[in-house]
1. Could you check A:ASP133 against (1) of a type in the set (D, E, K, R); (2) within 12 Å of another protein chain (Cβ to nearest Cβ); (3) part of a loop (DSSP other than H, G, I, E, B) and say which number it fails?
2. Of the residues B:VAL250, B:VAL241, B:VAL255, only one is within 14 Å of chain A (Cβ to nearest Cβ), touching a Pro at 6+ places or on another chain (Cβ under 7 Å) and touching a residue at least 40 places away in the same chain (Cβ under 8 Å); which?
3. If I go through segment A:74-96 residue by residue, how many of them are open to solvent by less than 30 Å² (accessible area, probe 1.4 Å) and polar (S, T, N, Q)?
4. Against the definition (open to solvent by less than 10 Å² (accessible area, probe 1.4 Å), within 17 Å of the chain's Cα centre (by Cα) and at negative phi), how does A:PRO427 come out, yes or no?
5. In segment B:5-101, which helices (runs of 4 or more DSSP H) lie fully inside it and hold 2 or more residues that are more than 30 Å from B:VAL162 (Cβ to Cβ)?
6. Counting only residues that are in a helix (DSSP H, G or I) and in contact with a Phe, Trp or Tyr (Cβ under 6 Å, 6 or more places away or on another chain), how many does segment A:441-468 have?
7. Among the strands (runs of 3 or more DSSP E) confined wholly to segment A:185-273, which include 1 or more residues that are without any contact (Cβ under 8 Å) to a residue 60 or more places away in the chain?
Amino acid sequence: MVKQSILKIEGVSKSFSGVKVLDQVCLDVKEGTVHSLMGENGAGKSTLMKCLFGIYKQDEGTFHLKGENVNFTDPKHALEHGVSMVHQELNQVTKRTVSENIWLGRYPTKRGFVDENKMYQDTKSLFTKIKIDDIDPNTRLSELSVSKRQMVEIVKAVSYEAKVIILDEPTSSLTEQEVDKLFEIIETLKKQGCGIVYISHKMDEIFAISDEVTVLRDGEYIGTNPIEELDMDKVINMMVGRDLSHRFPPVTNVPGDVKMVVKNLKTRYEPMVNDVSFELKKGEILGIYGLVGARRTELVEAIFGMRTIESGEIFIDGKKLNNSSPHKTIENKLALVTEERRSTGIFEVANIRFNTCSANIKKYVNNFGLLSEKEMFSDTEKQIASMRIKTFSQESLIRELSGGNQQKVIIGRWLATDPDILLLDEPTRGIDVGAKYDIYNLMIELANNGKSIIMVSSEMPEILGVTNRIMVMSKGYVADILDTKNANQNDLLKLSAKYL
Amino acid sequence: MNFTRNFSARINRFKKMNRTDWLNFLVNNAIYIVMALLIGIVILREPTFLSVRTLINVLSQSSVKLILAFGVGGIIILQGTDLSLGRSVGFAMVISASLSQADTYASRFYPELWLTGMPTFIKLLIPLLIAMAVCAIFSMINGYIVAIFKVHPFIVTLGMSVLLYGVLTLYYNSPEQGGQPIGGLSTEYSNFILGRIDSIGPLKFTGGFYIPYLVVYAAIVSIIVWVLWNKTVFGKNMFAVGGNPEAAAVSGVNVVGTFVLVYMMAGILYGLGGFLEAGRIGSANNSSGFNYELDAIAACVVGGISFSGGVGKVSGALAGVLLFTVMSYGMIFANISFEYQNIIKGFIIVFAVALDTRKYLKKT
């Protein structure tokens, strides 16, 4: 039986200031099926979805819902037509109850008052419809786990009688049992004729749940295949489309003596880091790999003095590290490039000079106790040149730069403090291929100059491509530490699930 | 039956608490513990504090403050604040007083007021409605500007309070003889506000007990506000918009409309509060109401209506207002000097909010 097409995206293109981010992309979702949309970061998946939901306007191409041409103006408009998206970051009113969130904006009323009873019953019956039995509609959302909150979001989509539900990385913070539960719900939705668009990086999930797979790469449509015709290698080939070996510069650094020792580190508050021990050598690049929720960020934050440490010790050159607060840690020649560039990295409304000098500002205090603009200017000029930062001038606001150039400014800021140990948390997230290569090169050069680097990353090729050793974390514990030469993707995946 | 079961369950929960639980319990209820301590100290110094008289005085002194706290409380739930409350209430007081003077009083604001000779009901209702309407309009302007131009409510209402003072003084100075305190309020008006209930049907209160009208009005307003906040679409939207404006907008809630309605409701309550306050004090002038917002906002935040938005309860506002009234009344009773009263009051505000915020703090 040939299934009816429910959502058809044809020839959609989109450019931002002359750069094509979507080029003639197609997607055909059939009712009662799960259609996976795959592609690396920056392949154009989220841009495509934003075009569908009217957040961006596509330059060309059309969207058809059940054969009818649609052009949604905003997510609400799409929702009313039965197209719903469950985002990675849930947009909910967490201080209110489950049922209030589901019926938000259309509360049932009786004689002018909100009909709490009907709201409760309707929520209950929705839950029954998709076989969820362990959520009380009157619970406050903030008391629920992320997975349950996500289910509430799916139920909300169902309550709008959604025909198309888009799940964006839905399993990124779920445990295995929770994933199974989600898959059950997806199966139920399939049987009820919904078309599901499933966006995920996780291969095993894609193969477990999809009927069809569409792959995008660098904004281009690569192809659509039924799942039976695919295997993991084929998908990877479609996604990557180029030889991995050319994406990374040769790793030429040679690790020396032990620089830092972390012994049985444990943090006090959730999400906790537990019993973490490892060594970092001089001139070494140590990768930390793990799934979302592996608490890698929490580990580097704990080392840097941003989290309360319950027990354990850190030694640098045999001396106990005082990391009671970040500025103490900085005095000990550590630096941290944070994961969330926008919220904890850049000073958005300040210029590049300020962003470059901010971690090292004491250096520029002159004899009068004032800051020397001249020195700051010349240091920033040097930094711009040596990091190859593309900017009109150092007076430009940092938010006007591309992600890659912003990241270079921040790395430059920390290099200016002349650190011995660099903690880089997802240093290449959301930046383009060229800038990534520059950053890899820089890391290797720094390691060659005797700096020790810890790189947290979720991208497996990158972690295999530019490190000397890899520490795999799983739910706050160290799963294992591998020599990069002997490591492969399979091992990393298995280890990262060790304590789930 | 049900009650007993609940009660024993609670007792059991207390029995099971360990040290950290107790600590948490103490911290979470610290404000009530502090309140109990304060009352305890006052009683130790002045045992006569425990009396029917105190109860009645505390309740009637809380009444207007409570009404005002409900007004600004809604705005705080929308992650806002209202610095124009005081001037707004002052305007309402001046309007109400100017329209409610006894026709025997010599220097009247309106020597020839058309309300003279009307039935009592009209003579009371018209000033109240005008006061409410004026406050509602100015407050709605605040709401519009906050919602549409996304100016921080602190700024908008700061500006509005300055502007209101200007408009209010213009009105106050408008009589031929110039601005002078508006007194000599009519007996109908004073009785309506300062009157009391001595008996319900055949039941006569004894032991010096009576119910001031003001307390009755505050109780009625509390019930209405409770229903509005908890049982209507308006109330639910208010909490949703305050908790997460984007989520509310994506779900089709009219965010701007909600803002305007909440601010309008605040204005209506200020109007009512001002109408009652003028009668309670017995006169009004252009500096009436000054700084009233500070007490109202303090009561809200102490009562758990958080500045982060989206949370708050009618009972919380009530607790906050009562706390402050009991405190001031008790301290006056115990002859604690005005200076120390302020020091203690200021401390309580910061202490209470710090504890409250602690509940939402993410520990790292």
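1. (2)
2. Numbers: B:VAL250 fails: touching a residue at least 40 places away in the same chain (Cβ under 8 Å); B:VAL241 fails: touching a Pro at 6+ places or on another chain (Cβ under 7 Å).
Every option except B:VAL255 fails the conditions.
3. The number of residues fulfilling the criteria is 2.
4. Numbers: open to solvent by less than 10 Å² (accessible area, probe 1.4 Å): yes; within 17 Å of the chain's Cα centre (by Cα): yes; at negative phi: yes.
So A:PRO427 fits the description; yes.
5. On the way: elements: B:19-28, B:30-45, B:52-77, B:85-98.
Output list reads B:19-28, B:30-45, B:52-77.
6. We begin by selecting, within segment A:441-468, every residue in a helix (DSSP H, G or I); these are A:441-448, A:460-465.
With the extra rule that they be in contact with a Phe, Trp or Tyr (Cβ under 6 Å, 6 or more places away or on another chain), the set shrinks to A:463, A:465.
Number satisfying all stated conditions: 2.
7. Working: elements: A:195-199, A:212-217, A:220-226, A:258-267.
It comes to A:220-226, A:258-267.
Residues are listed down the side, and each one gets a yes or a no for (1) over 24 Å from A:VAL21 (Cβ atoms); (2) at pLDDT 90 or above; (3) out of contact with any helix residue (DSSP H, G or I) (no Cβ under 8 Å at 6 or more places or on another chain):
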residue	(1), (2), (3)
A:ASN405	no, no, no
A:LEU423	yes, yes, no
A:GLU445	yes, yes, yes
A:ASN448	yes, yes, yes
A:SER452	yes, yes, yes
A:GLU459	no, no, yes
A:ILE463	yes, yes, no
A:ASN490	yes, no, yes
A:TYR499	yes, no, yes
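The values are calculated or read from the model by the stated rules, or taken from the named source; none is laboratory data. No experiment lies behind these values; they were computed from the predicted model shown. Glycine gets a Cβ as well: all are built from the backbone with ideal geometry, and neighbour counts include every protein chain shown. What goes into the accessible areas is simple: the full protein's heavy atoms, side chains included, and nothing from ligands, DNA or RNA. Shrake-Rupley method; radii C 1.70, N 1.55, O 1.52, S 1.80 Å.
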